[in-house]
Amino acid sequence: MTQNRGRRMALPPPERVARGLRARLNVTAVLALVLPLLTVGALSLVRQADVADPRQAPSETALDLAVLACPSGITEDGVLRVSSATSEAGSVDVGPVGGAGSTTSLNVPADTTAEARPGRDPVTVRASGAMAPALSAARADAGPAATSCVAPQPEQWFTGLGAAAKHSSVLELVNPDPGPAVADISLIASRGPVEAPSLRGITVPGGSSLRVELAREIPLRGEISAEVVVSRGRVGVFVVDTYDELGRGNAGVDWLAAQQPSEVLTILGLPSGAGSRALVVANDGDDEARVVVRVVTSDSAFRPEGLDDIRVPPHSVVRVPLTGILGQAVKDGAVGVQLEATRPVTATLRSFVAGDISDAVPLTPFSEATQAILPDGQSTVLLSSAFVAAAEVVSYNGDGDQKTSAVDLSPGRTVSVKLPKDAVLVTVTPSSAPVRGAVVTTDGGTSVLGLRELVRTRLVPGLRSALP
């Protein structure tokens, strides 16, 4: 029997096997390298859907609770007046700081002021609901001397302070809240920063006030500038400025308003009459400031002859006598000064006329209707603008009777509006452009109140969703 044998398969030579294996490995390596790159490239061409940011920006809403801090009175006979610029009538609460003691409910009319006589202690004014937006209050005393009550601010400057027998200043820190507040007071003078460890970390207990007499804390001649920074809680800060000619007559007393550094400063409010006048400029920066001073009249602003640029070294204060320059200028109708600086500075124009001190500080522009509560005496509104603008000035007496004046403004022009002698309140409404303004009141002496933007709204923090 014949047996069929199958054919034996021929095997490739070893070198051919090796070449095939290497080829397969090379292809695998290339694919391992290229495929991820192709995947990344493809993904880059695919636009991902926009993911909504869960965070929301703060929103602005109408103010529903307002708390104003008011300083101690200069005398026991001072008066507190309250008003609202919303044309709403309603009640507000006036009481001791912190609420310890009797609180008076004042019915505030829509077209004039309400009046209280809280004595000499500091007080707070509280309003809720429709009476909270554009709430304003002011203390007035003999002299005349007047200051606006304020909503506490975290940082503010006071320039032109004194810590000597002839010129002395007292800072008052008013805490309207139940919890404690902490503040630091930094001082600079003509020779630079002033070391005052006792003015660091000042604690003002809740519902109380604290007075800092500079002449006692840091006896020092010359001009001083103070920066007050609140690091915890809220504090309203006020300054009472006293200038005494040491036996030549009665001491003049006035409130000195707070301000913010700026490169362009407009100061309006020059009392008439013979006396001494000085400009105090403070530079809290690290570089020298050069300041150009112009005298402001009703129709121009000019550089006076004989007054060079003011050079203010870093962290120092410079006092510039202006008695000779402004003496004749006031007779010719000067109403203030304008400063242009190479870096932000603060400044105060101090006048001492007929035994009365008057401190005027730079004005901030306002775009909405604002108002000023007036002390007793003859008041005049001064208005200026860096743009072509218009404004309506409405004064009110104690019975609510009104007098309206319309004014046109243009750059370099300052308009004066004389108010009726019995006016207790004035409202200024600008149109088309921001306006700066001050109210000058004379009654034996002179008081200057700056017009400012009123607080009408508050910011509500945005919420962030916890969900992805």
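Would you list the strands (runs of 3 or more DSSP E) that sit entirely within the stretch 288-336 and hold 3 or more residues that are under 20 Å from L268 (Cα atoms)?
Those strands (runs of 3 or more DSSP E) span 289-296, 316-321.
Please determine whether any residue of the stretch 185-198 is farther than 18 Å from A360 by Cα, part of a loop (DSSP other than H, G, I, E, B), among the β-branched types (V, I, T) and not assigned by TED's automatic domain parsing to the domain that holds P314. Before the answer, list the steps.
Pass one, the stretch 185-198, residues farther than 18 Å from A360 by Cα: 185-198.
Now restrict to residues that are part of a loop (DSSP other than H, G, I, E, B): 190-191, 195-196.
After this cut, where a residue has to be among the β-branched types (V, I, T) as well, the list is none.
Within the stretch 185-198, none of the residues are farther than 18 Å from A360 by Cα, part of a loop (DSSP other than H, G, I, E, B), among the β-branched types (V, I, T) and not assigned by TED's automatic domain parsing to the domain that holds P314.
For the stretch 286-317: of the residues being among the small types (G, A, S) and buried (at least 17 other Cβ atoms within 10 Å of the Cβ), which is farthest from T414 (Cα to Cα)?
Restricting to residues being among the small types (G, A, S) and buried (at least 17 other Cβ atoms within 10 Å of the Cβ), the top hit is S316.
All but one of (1) more than 26 Å from the chain's Cα centre (by Cα); (2) assigned to a loop (DSSP other than H, G, I, E, B); (3) among the charged types (D, E, K, R) hold for E115, so report the exception by its number.
Only one criterion in (1) more than 26 Å from the chain's Cα centre (by Cα); (2) assigned to a loop (DSSP other than H, G, I, E, B); (3) among the charged types (D, E, K, R) is unmet by E115, namely (2).
Sort out which residues of the stretch 423-440 are loosely packed, with under 14 Cβ neighbours inside 10 Å and in a loop (DSSP other than H, G, I, E, B), and write them in order of number.
Selection gives S432 alone.
How many residues does the stretch 94-115 hold that are within 28 Å of P205 (Cα to Cα) and buried (at least 18 other Cβ atoms within 10 Å of the Cβ)?
6
Would you point out which residue out of T370, T414, T348 is at negative phi, modelled with pLDDT of 95 or more, touching a Pro at 6+ places or on another chain (Cβ under 9 Å) and crowded, with 24+ Cβ neighbours inside 10 Å? Walk me through it before giving the result.
On the way: T370 fails: crowded, with 24+ Cβ neighbours inside 10 Å; T414 fails: touching a Pro at 6+ places or on another chain (Cβ under 9 Å).
None of the other options fit; the residue is T348.
Just name the residue that is modelled with the lowest pLDDT out of those in the stretch 443-468 that are part of a strand (DSSP E or B) and crowded, with 18+ Cβ neighbours inside 10 Å.
Top of the filtered list is G445.
Taking N397 and the conditions (1) of a type in the set (S, T, N, Q); (2) under 17 Å from T147 (Cα atoms); (3) buried (at least 18 other Cβ atoms within 10 Å of the Cβ), which numbered condition does it fall short on, given that it satisfies the others?
Only one criterion in (1) of a type in the set (S, T, N, Q); (2) under 17 Å from T147 (Cα atoms); (3) buried (at least 18 other Cβ atoms within 10 Å of the Cβ) is unmet by N397, namely (2).
The values are calculated or read from the model by the stated rules, or taken from the named source; none is laboratory data. These figures come from a predicted structure and were not determined experimentally. Cβ atoms come from the backbone with ideal geometry, glycine included; neighbour counts cover every protein chain shown.
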